[in-house]
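Take a look at the structure set out below.
The values are calculated or read from the model by the stated rules, or taken from the named source; none is laboratory data. Just so it is clear, the structure is predicted and the values come from calculations on it, not from any experiment. Here Cβ is always computed from backbone atoms with ideal geometry, including for glycine, and neighbour counts include all displayed protein chains. For accessibility, only protein heavy atoms count, side chains too; no ligands or nucleic acids. Shrake-Rupley method; radii C 1.70, N 1.55, O 1.52, S 1.80 Å.
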Amino acid sequence: MQYYNESEFLIETIVPEHELIISRTDLYGIITHANETFCDISGYEEEALIGKSHNIVRHPDMPRAVFKEMWESLKSKKQWSGFVKNIRKDKGYYWVHARVSGVYKDDKLVEYKSLRSPVSFKDKLKYQKLYDAMRQKSGEMSRKIIYEENK
Ligand SMILES: Cc1cc2nc3c(=O)[nH]c(=O)nc-3n(C[C@H](O)[C@H](O)[C@H](O)COP(=O)(O)O)c2cc1C
């Protein structure tokens with residue numbers, strides 16, 4: 001069990017309807033491009049994202065199996081889409097529906113890109129419950145957020 005005593009963990013940033021969060025990575029998942037919306041929503045400056053592994057925004061609530069499936073799809077030249085809870089620099093979170101795919105030049109895979117859009121409240125609830133159950137089943141970390149008033 002991992003305990004978090006930062007109340008920031010409970011603060012959600014809502015992805016605006018009309019904006020797309022865009023990033024590109026090299027073949028190892030290292031960020032090579034982040035658009036302004038990605039920077040705003042994740043709370044990082046562009047310079048702090050470029051050159052970092054995309055797992056910089058990985059939230060501890062995300063089961064390993066989701067990313068395993070993502071990478072398996074990408075490796076077999078398939079596009080992947082799914083619901084992802086990401087962590088902000090300030091430890092808040094945001095939900096996205098992500099579409100990740102390879103970018104090909106002359107039939108050669110050169111990089112990966114991801115476009116993300118907002119998630120409905122109903123889907124956030126659904127996937128939070130599903131991912132909690134998946135982590136519990138696979139023996140992955142579970143979390144408890146504690147709030148210390150006089151900290
Ligand atoms: C284009 C692209 C976008 C990605 N976007 C995210 C993302 O938004 N959040 C995330 O946690 N992982 C994302 N990943 C997957 C990460 O590279 C990584 O596999 C994942 O965070 C799990 O971390 P780990 O591989 O260190 O266990 C993305 C990968 C690619 C190729």
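Quick notes on this structure:
- Ser101-Glu45 pseudo-label distance in nm [points 7 Å out on the Cα-to-Cβ vector]: 3.4
- Computed lengthening from Ile11 to Lys122, 0.36 nm per intervening residue step minus Cα-Cα distance: 38.2 nm
- The peptide list 74-83, 89-98, put in order of mean Cβ contacts within 10 Å with the highest first, becomes 89-98, 74-83.
- Sequence of Thr25, Thr13, Thr32 from largest to smallest accessible area, 1.4 Å probe: Thr32, Thr13, Thr25
- Once both labels are positioned 7 Å from their Cα atoms along Cα-to-Cβ, the gap between Lys129 and Leu115 label points is 3.1 nm.
- Candidates Val119, Val66, Val57: whichever shows maximal mean-square fluctuation once the chain is modelled as a Gaussian network with Cα springs under 10 Å: Val66
- The chain - mean residue ellipticity at 222 nm from DSSP helices (-39,500 (n - 2.57) per run, n ≥ 4, rounded to 500): -8000 deg cm²/dmol
- Heavy atoms of the protein chains alone define the surface here; on that basis the chain has 62 Å² accessible area per residue at 1.4 Å probe size.
- Compared with the dominant principal axis of the Cα atoms in the chain, helix 64-75 is inclined by about 10°.
- Rounded to the nearest 20, the Cβ-based charge dipole of region 2-145 about its Cα centre (Lys and Arg +1, Asp and Glu -1) stands at 760 debye.
- Coil-residue GluC sites (Glu not before Pro) of region 19-106, DSSP, other Cβ within 10 Å capped at 12: Glu45
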